[in-house]
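Only one structure is covered here, and it is reproduced in the block below.
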Number of protein chains: 2
Amino acid sequence: MKNELILLAHGSGGKQMRKLIEGFAGKYFSNPILDKMNDFAQIDGGSKTIVSTDSFVIKPYKFPGGDIGKLAVCGTVNDVACSGADVKYLTLALIIEEGLPIADLEDICKSIKKASEEAGVLVIAGDTKVVEHGAADGIYINTTGIGIKSIDADIGGEFVQPGDKIIINGNIGDHAAAILACREGLSFTTPSVSDCAPLNGMVKELLAQCSNVRCMRDPTRGGVATVAGEIARQSKVGINIFEQALPIEQSVLGACELFGMDPLYMANEGKLLIFIAAEEADKAIEVLRGNKYGKNAAIIGEVTDKKQGVVLQTAIGSSRILDELTGEILPRIC
Amino acid sequence: MKNELILLAHGSGGKQMRKLIEGFAGKYFSNPILDKMNDFAQIDGGSKTIVSTDSFVIKPYKFPGGDIGKLAVCGTVNDVACSGADVKYLTLALIIEEGLPIADLEDICKSIKKASEEAGVLVIAGDTKVVEHGAADGIYINTTGIGIKSIDADIGGEFVQPGDKIIINGNIGDHAAAILACREGLSFTTPSVSDCAPLNGMVKELLAQCSNVRCMRDPTRGGVATVAGEIARQSKVGINIFEQALPIEQSVLGACELFGMDPLYMANEGKLLIFIAAEEADKAIEVLRGNKYGKNAAIIGEVTDKKQGVVLQTAIGSSRILDELTGEILPRIC
């Protein structure tokens, strides 16, 4: 990698990012906790403490359906919730560009307060750094979330089994479409709104009713296709996605057509891919639809023992492989 | 604050930063854990989990005595260690500017590995974001540290008492002087080297021998004067600093003279201010001097019941108040 430079694609959530991170993480930071490569880490010990960290660099920092403050709470809350833990605490670290209007900072703090209250988490530690004008872009936020896992279930990317069903709790691509429209100054008849939301309440309801959830993961950067691919690799299984079953808004399809994008690769911020034993799938759909963040929940795929990655079963009966994302379709989406 | 903008001074560690953070933290995030305003947070519960978060934006990201990777490990390890906890885990979140040489990223990862091995901490979770060229400055790193406190002592900024002695484990100002010389392209006969170091081992030795440590805090942004002022406010006490007792390198004094800076306000990254019961102070000095990071440990002040902030007893017998830092003397020092 001599003389190579970091590219935007290294942050895409796709292939280049995976190669970079797997390379460096394996070489320098390998340990049994990190090596699991989930979006959360379980600290060993009686109390089963779960930890997840994320930095948010979304552009613009205010968008239809939320802002970077709401996103920074929801993104990390959702990662911790995907472990099956109760999310309890957040740390909050701000990197602010000189010249940011203090009123904007205050709005962002209000969003953080509102989202963390909805999620039922406390902000327990913080940090503020200010960099010169031109050394950041408005504001970047890191949150680290801490949860306590009191249920005994094995939940993670490594526990998926052939025969499992794959559920999503609603429409895909809303977040990316909202950011895209907002950046490009587009207005559609039905404008897209980010789905950014804290999903820990919905997850709690699901886990109270279903005991065979194998894995939950939020399809953010890289979208459903990329995240399904990650999990297929972790569990060494194949995944079929049913094109006709995918819930998508008409306006998102419109944006995709306009920009030549595929909704399966577009980021979501209020969605989970849920892998669950087939016999519990209908029950799960019922529970999810009872929550405001799961009204359009649908079974969108199944797990197979064919190790061929992620395959899309199209509406016309053909099938095509959903490869890992290469390059960067929409930088700074989260 | 309408129409007001964020200034570099809001990140200085001084007065403007305190006002901004106290204002927003009090207004939006108040809770018993955060409100203690220590550099670490103790999560309630049997296991006494301690958490601290910090983002690092130092410029340049490579400097005499370390780099942003080493700093990001040491800074957070030291904050957690100051609670009296064993530091166990770190999360690691990178914000990388497009165009960063991958070889530099690899060097930074090597530093993180080396420092975390010395400190005995595991990196358990990570995140990587890439922003466009010009939307960051090389690389910014957030680390969140997690420790387990197994000793029963009350240690924190709120536990300092009149009569306590104040100890520092060595020379002050080395970090800031090294960064300054490096930025300005200066070469002194004896060049300054950052004191950046993980101090959790030294703290462990200290706490094994001394049971009346009231507070430890690393005087980073704002230096000894500013951090002493924070603690004086937290414990509602006065603080006397003895000018003649302050250990300072000749080269740091030289840099201070050249730039009109006061070493008492200059950042350190391998130093702790230790507040301890008077009767244990000599014992503490002995223990600290036995550690490689405490060779020049000295008693540099004492705590009084006069609520007059921080007062410097000068070499010529006069005294002057060490006010909070206002403005920003050296941005992006950590």
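Overview of values
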{"read-out": "Members of the range A:19-32 found to be part of a loop (DSSP other than H, G, I, E, B) and not aromatic (Phe, Trp, Tyr), listed by number", "value": "A:SER30, A:ASN31, A:PRO32"}
{"read-out": "The range A:38-84 - residue that is small (Gly, Ala, Ser) and part of a strand (DSSP E or B) and, of those, farthest from A:LYS149 (Cα to Cα)", "value": "A:GLY66"}
{"read-out": "All positions within the range A:135-150 that are surrounded by fewer than 24 Cβ atoms within 10 Å (Cβ to Cβ), at pLDDT 95 or above and part of a loop (DSSP other than H, G, I, E, B)", "value": "A:ALA135, A:ASP137, A:GLY138"}
{"read-out": "Test for B:LYS70: is it within 10 Å of chain A (Cβ to nearest Cβ) and either in contact (Cβ under 8 Å) with a residue 12 or more places away in the chain or over 17 Å from B:GLY270 (Cα atoms) (or both)", "value": "no"}
{"read-out": "A:ALA85 being crowded, with 19+ Cβ neighbours inside 10 Å, under 24 Å from B:LYS59 (Cβ atoms), touching a residue at least 24 places away in the same chain (Cβ under 8 Å) and of a type outside the set (D, E, K, R)", "value": "no"}
{"read-out": "Identity of the residue in the range A:265-277, among the hydrophobic types (A, V, I, L, M, F, W, C) and buried (at least 24 other Cβ atoms within 10 Å of the Cβ), that ends up nearest to A:ASN212 (Cα to Cα)", "value": "A:ILE276"}
{"read-out": "Filter pass, B:ILE21 being farther than 22 Å from B:GLU324 by Cβ, within 7 Å of another protein chain (Cβ to nearest Cβ), surrounded by fewer than 22 Cβ atoms within 10 Å (Cβ to Cβ) and of a type outside the set (Lys, Arg)", "value": "no"}
{"read-out": "Qualifying residue in the range B:279-291 (condition: buried (at least 23 other Cβ atoms within 10 Å of the Cβ) and assigned to a loop (DSSP other than H, G, I, E, B))", "value": "no"}
{"read-out": "Given (1) among the basic types (Lys, Arg); (2) facing another protein chain (nearest Cβ under 10 Å); (3) touching a residue at least 24 places away in the same chain (Cβ under 8 Å), index of the condition B:LYS48 fails", "value": "(2)"}
{"read-out": "Condition check for B:LYS59: in contact with a Lys or Arg (Cβ under 9 Å, 6 or more places away or on another chain), touching a residue at least 12 places away in the same chain (Cβ under 8 Å) and at the interface with another protein chain (Cβ under 9 Å from one of its Cβ atoms)", "value": "yes"}
{"read-out": "Matching entry among B:LEU312, B:LEU330 (being out of contact with any Pro (no Cβ under 7 Å at 6 or more places or on another chain), closer than 24 Å to B:LYS15 by Cβ and assigned to a loop (DSSP other than H, G, I, E, B))", "value": "B:LEU330"}
{"read-out": "Lone unmet requirement of (1) surrounded by fewer than 24 Cβ atoms within 10 Å (Cβ to Cβ); (2) over 16 Å from A:ASP154 (Cα atoms); (3) not hydroxyl-bearing (Ser, Thr, Tyr) for A:LYS48", "value": "(2)"}
{"read-out": "Which listed residue, of B:ALA232, B:ALA208, B:ALA277, is of a type outside the set (Asp, Glu) and under 21 Å from B:LYS15 (Cα atoms)", "value": "B:ALA232"}
{"read-out": "Condition check for B:ASP35: in contact with a helix residue (DSSP H, G or I) (Cβ under 9 Å, 6 or more places away or on another chain), more than 30 Å from B:LEU264 (Cα to Cα) and in a helix (DSSP H, G or I)", "value": "no"}
{"read-out": "In the range B:299-322, the residues that are under 25 Å from B:ASP195 (Cβ atoms) and surrounded by fewer than 18 Cβ atoms within 10 Å (Cβ to Cβ)", "value": "B:GLN313, B:THR314, B:ALA315"}
{"read-out": "Residue in the range B:12-27 that is aromatic (Phe, Trp, Tyr) and in contact with a Leu (Cβ under 8 Å, 6 or more places away or on another chain) present", "value": "yes"}
{"read-out": "Conditions (1) more than 10 Å from chain B (Cβ to nearest Cβ); (2) β-branched (Val, Ile, Thr); (3) under 19 Å from A:ASP154 (Cβ atoms): number failed by A:ILE43", "value": "(1)"}
{"read-out": "Total residues in the range A:267-313, condition at negative phi and modelled with pLDDT under 95", "value": "3"}
{"read-out": "Selected residue (criterion: farthest from the chain's Cα centre (by Cα)) from residues of the range B:2-18 that are part of a loop (DSSP other than H, G, I, E, B) and either more than 9 Å from chain A (Cβ to nearest Cβ) or of a type in the set (Phe, Trp, Tyr) (or both)", "value": "B:GLY14"}
{"read-out": "One residue from B:THR76, B:THR91 being over 16 Å from the mean Cα position of the chain (by Cα), crowded, with 24+ Cβ neighbours inside 10 Å and at pLDDT 95 or above", "value": "B:THR91"}
{"read-out": "The range A:227-256, residues that are surrounded by 19 or more Cβ atoms within 10 Å (Cβ to Cβ), within 15 Å of A:LYS165 (Cβ to Cβ) and hydrophobic (A, V, I, L, M, F, W, C)", "value": "A:ALA228, A:ILE231, A:ALA232, A:VAL237, A:ILE239, A:ILE241, A:LEU246"}
{"read-out": "Some residue of the range B:319-330 being among the polar types (S, T, N, Q) and more than 20 Å from the chain's Cα centre (by Cα)", "value": "yes"}
{"read-out": "Selection from the range A:110-156 of residues that are within 19 Å of A:CYS334 (Cβ to Cβ) and either at the interface with another protein chain (Cβ under 8 Å from one of its Cβ atoms) or polar (S, T, N, Q) (or both)", "value": "A:SER111, A:ILE112, A:SER116, A:ALA136, A:ASP137, A:TYR140, A:ASN142, A:THR143, A:THR144"}
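The values are calculated or read from the model by the stated rules, or taken from the named source; none is laboratory data. Note that the structure is a prediction, hence the values are computed from the model and not measured. All Cβ positions, even for glycine, are placed from backbone atoms using ideal geometry, and neighbour counts span all protein chains on display.
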